[in-house]
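Heads up, the thing below is written out as structure tokens.
Nothing in this text is a laboratory measurement; each read-out follows from the coordinates by a stated rule. Being a predicted model, the structure only gives us computed values, none of them experimental. Counting neighbours? That spans all protein chains shown, and the Cβs are built from the backbone with ideal geometry, glycine included.
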């Protein structure tokens, strides 16, 4: 038996990747919001968007600020995304949030989102030698 081809709606292939994602509500129904940052993990990603798990119940159409980081140091993505789908997970405590990227930020000159650790005088010890 031959199965008919199902039309794929996605423009880009999704890759199953689990990375840290920080997110916060930026805009809801045209009103600027600057809420606290939430930390979560991605489920999959593409060049056009991502799917992640969130305790925050976003609404379809919300604009959220997103920062995806690998190992706490390598910026994968910084920018904004539009929430295109929100579904409640089977456990009922979390939501799966599908986001389409709408604006990508350049890498900041200083990494104000992730403060640097103090050196605790290591530079002084090296200079003494």
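Couple of notes before you dig in:
- Most tightly packed first, judged by the mean number of other beta-carbon atoms within 10 Å of their residues, the peptides 25-38, 57-70, 79-92 read 57-70, 79-92, 25-38.
- Neighbour-count ranking [beta-carbon atoms within 10 angstrom, fewest first] of 13, 97: 13, 97
- One way to sum up the overall shape of segment 20-108 is the equivalent ellipsoid from its Cα gyration tensor, whose semi-axes run 18, 16, 12 Å, largest first.
- Rough spin-label spacing in nm, given labels placed 7 Å along Cα→Cβ, for residue 27 and residue 103: 0.6
- Extended-chain gain in nm, criterion 0.36 nm per residue less alpha-carbon gap, residue 36 and residue 16: 4.5 nm
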